[in-house]
1. Could you say which residue among A:Val20, A:Val58 is within 7 Å of chain B (Cβ to nearest Cβ), at pLDDT 95 or above and out of contact with any Cys (no Cβ under 8 Å at 6 or more places or on another chain)?
2. How about the range B:1-41: which strands (runs of 3 or more DSSP E) wholly inside it have at least 1 residues that are among the polar types (S, T, N, Q) and either in contact with a helix residue (DSSP H, G or I) (Cβ under 7 Å, 6 or more places away or on another chain) or closer than 10 Å to B:Ser424 by Cα (or both)?
3. Quick check on my filter: what residues within the range B:53-87 are in a helix (DSSP H, G or I) and away from every other protein chain (no Cβ under 14 Å)?
4. So, in the range A:69-80, of the ones that are more than 10 Å from every other protein chain (Cβ to nearest Cβ) and part of a helix (DSSP H, G or I), which residue ends up nearest to the chain's Cα centre (by Cα)?
5. Quickly run through the range A:28-43 and pick out the residues that are open to solvent by 50 Å² or more (accessible area, probe 1.4 Å), in a helix (DSSP H, G or I) and either modelled with pLDDT of 95 or more or more than 8 Å from chain B (Cβ to nearest Cβ) (or both).
6. Considering B:Val343, B:Val335, which residue is surrounded by 14 or more Cβ atoms within 10 Å (Cβ to Cβ), farther than 20 Å from B:Phe98 by Cβ, modelled with pLDDT of 95 or more and of a type in the set (A, V, I, L, M, F, W, C)?
7. Test B:Leu408 against the criterion of being under 23 Å from the mean Cα position of the chain (by Cα) and either at pLDDT below 90 or surrounded by 15 or more Cβ atoms within 10 Å (Cβ to Cβ) (or both), and give yes or no.
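The values are calculated or read from the model by the stated rules, or taken from the named source; none is laboratory data. Not measured: the values here are computed from a predicted model. Note that we place each Cβ from the backbone using ideal geometry, even for glycine, and neighbour counts take in every protein chain shown. Heads up: the accessible areas ignore ligands, DNA and RNA and are worked out on the full protein's heavy atoms, side chains in. Shrake-Rupley method; radii C 1.70, N 1.55, O 1.52, S 1.80 Å.
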Amino acid sequence: MPKPRVGIFGLTGCAGDQLVILNCEDELLDIVDLVDLRDFVMASSARDAECPLEVAFVEGAVVTEEDERRLRQVRERAATLVAIGTCAVWGGIPAMPGEAPRRELLRLVYGDVGEQYGDGEARAVKEVVKVDAEISGCPIEKEQFLKALAYLLNGDMPLLPSYPVCSECRIQENHCLLMGEGAFCCGPLTLAGCGARCPSLGVACIGCRGPAPDANVPSAVRLFASNGYGHDEIVSRLTTFAPVAAGRSA
Amino acid sequence: MSSKIVLVEHLARVEGHGGITVEMQGDVITDVQFNVLEGPRLLEALLHGKSYLQVAPILSRICAICSAAHTLTSLKATEAAFGVEVSPQTQRLRELLFRGESIESHALHVFLLALPDYFHRPSAPALAAEQPEAVKLGLRLKQLGNTIQELIGGRAIHPVNPVLGGMGHVPAVADLRALRDALERAQDELRGAIDLLAALPPDDFMEAETTYVAVEMRGEYAYYDAGDQLVVVSSNGRRRFSPAEYRLLTNEQSIAHSYAKHSTLDGEPFMVGALARLTVNRRRVSPAGTDAIARLGLVLPSSNPMDNNRAQAVELVMDLERARELIEQSLDDGVRPERPVPVEPRAGVGTAVTEAPRGLLVHSYEYDGDGHVVSADVITPTAMNAASVERHFRETVAQSAQKDTPTLTRKLELIARAYDPCISCSVHLVRR
């Protein structure tokens with residue numbers, strides 16, 4: 001059987017998810033053996049920009065017209081498109097709500113030149129094209145990427161946890177920062193997979209992996225309020241990484 | 001008639017989306033542009049009104065490869081605004097994290113992104129067949145940098161353990177000891193690899209007098225902790241000014257062909273990064289660094305931007321040395337469990353200037369009395385370098401005898417890559 005053709009692409013973002021792939025130092029040369037890596041500009045100047053792909057990984061939010069054009073092209077080429085990272089999955093930090101519309105901010109930062117930069121809005125990949133699988137995280141966890149790749153190479157869709165960080169935190173028997181310290185800990189709302197990295201270090205979860213599907217949002221918001229956080233603060237914190245999940249209107 | 005030709009649509013083996021365009025008058029190239037095509041995220045403007053607690057995690061996301069530098073510089077600026085003094089142990093751990101990122105970043109650039117060019121290979125995996133040891137060493141050094149970032153930063157990218165006032169968790173003594181031993185082994189391995197780098201084919205196809213800017217510190221090489229002054233080295237000698245005057249360097253101009261604005265000093269482009277740091281801090285380079293400079297045949301000040309690749313290799317030697325030194329100091333002094341010092345927001349301005357892997361980095365914020373952001377400035381190395389890259393592009397075209405497109409394209413790509421641009425970073429700018 002020929003090796004599956006794979007492409008790895010970055011739209012607007014920090015390149016953190018592509019860097020996680022390059023950070024698979026122990027596995028990188030094996031991965032290159034197992035797949036036919038056709039298009040990964042961050043790592044190679046030899047690229048086939050036209051060929052059909054069995055799997056495309058896409059990082060970043062869709063901000064510019066060029067992002068959208070490139071994304072549509074990747075979608076046409078790819079049998080399976082996997083959104084990687086919180087920006088691709090939920091819009092992420094680039095889509096974070098601010099105090100003024102993006103168009104106004106563009107003018108403020110670039111002056112008249114800003115006029116030619118479009119509306120500046122950031123969208124999640126699934127708001128533009130169909131997405132077949134998602135690996136969330138800011139950045140994604142190396143182990144989740146490798147596991148997802150193994151699933152895909154075996155013809156399956158990746159199956160990753162859908163429970164919240166809170167569950168992983170309990171397994172590690174960490175002291176609860178939300179109930180015990182009155183901290184703004186997003187563990188009950190955030191998708192697991194990081195092994196509760198932050199609370200395990202005594203640092204509150206900031207929700208960088210995006211929402212867990214079965215989180216009890218009203219209950220967590222009541223807890224934040226009872227810990228003394230005001231409405232605006234709660235909204236601002238909960239829309240930092242996953243504005244698309246929050247419906248953008250919150 | 002003048003026409004624009006896209007020479008490189010998407011520059012490979014660098015972070016982010018950038019390209020190269022040339023302007024032609026008939027057959028003659030009249031201008032070369034470095035196009036920053038990464039979309040604007042407007043993070044500084046979006047921070048307005050947000051809580052001081054959100055600032056470092058949000059600005060870390062400017063760029064993954066420099067995320068520890070952004071996080072630590074951000075914390076330093078906010079701590080300066082609120083008059084917070086962190087413990088000596090925190091200072092040391094943060095500097096160790098800074099070195100870890102530099103090791104990862106320089107190893108990635110030198111061995112995996114730049115080295116393939118010298119062997120006419122498209123990528124590190126393609127180079128692995130011919131130079132397996134160099135590629136594997138690059139991966140091992142990069143992994144060591146990441147191990148430091150995992151242990152001290154809590155994550156290799158977008159560190160979570162450094163927080164306002166200190167560190168969330170202090171690493172265990174056994175982990176620090178293991179790290180020290182790994183650093184010692186890496187120092188031995190890198191010593192051999194310097195000879196390989198020294199034997200690379202020459203890349204001296206372009207020469208230009210260059211102005212360098214870097215932080216100078218009393219007694220030490222330019223690291224994270226307390227930059228005393230900014231120093232400019234040019235053919236007119238050395239010039240010093242205080243970090244608070246950083247805006248002298250950021251006479252930023254909006255450019256139609258780029259989402260990154262251009263910085264100049266007195267109207268002249270300047271270069272920041274490893275080569276600038278070595279040039280400014282030549283007398284503070286350690287003996288091992290001096291030995292590497294000699295073996296690589298690096299002459300300072302240099303008039304060849306390609307020397308930035310060699311300068312990163314020299315810094316890799318010094319970063320390993322410094323990281324080991326920091327761990328040994330910590331072990332000698334005893335590692336104590338410690339909670340971050342309490343942070344009370346107050347109205348004020350805080351500015352921090354550090355040396356990120358790619359060069360000078362400035363974070364400056366103004367807060368109101370409740371700790372909400374009034375304004376935020378971030379000035380990144382790649383933004384500062386953008387005008388200099390273009391200047392070196394033009395010189396390359398002017399000095400090339402062969403002006404056919406493949407030859408020129410290759411040279412321009414090499415120049416751009418030698419700067420190790422971080423294009424995501426470059427899109428972050430000062431408000432007008």
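1. A:Val20
2. B:28-36
3. Selection gives B:Leu72, B:Thr73, B:Lys76, B:Ala77, B:Thr78, B:Glu79, B:Ala80, B:Ala81, B:Phe82.
4. A:Leu71
5. Across the range A:28-43, the qualifying residues are A:Asp30, A:Asp33, A:Leu34.
6. On inspection, the qualifying residue turns out to be B:Val343.
7. No: the conditions fail for B:Leu408.
A quick yes/no check of all residues on (1) open to solvent by less than 10 Å² (accessible area, probe 1.4 Å); (2) touching a Gly at 6+ places or on another chain (Cβ under 6 Å); (3) among the acidic types (Asp, Glu); (4) modelled with pLDDT of 85 or more:
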{"site": "B:Val22", "(1), (2), (3), (4)": "yes, no, no, yes"}
{"site": "B:Gly39", "(1), (2), (3), (4)": "yes, no, no, no"}
{"site": "B:Leu47", "(1), (2), (3), (4)": "yes, no, no, yes"}
{"site": "B:Ser60", "(1), (2), (3), (4)": "yes, no, no, yes"}
{"site": "B:Ala69", "(1), (2), (3), (4)": "yes, no, no, yes"}
{"site": "B:Ser87", "(1), (2), (3), (4)": "no, no, no, yes"}
{"site": "B:Phe98", "(1), (2), (3), (4)": "yes, no, no, yes"}
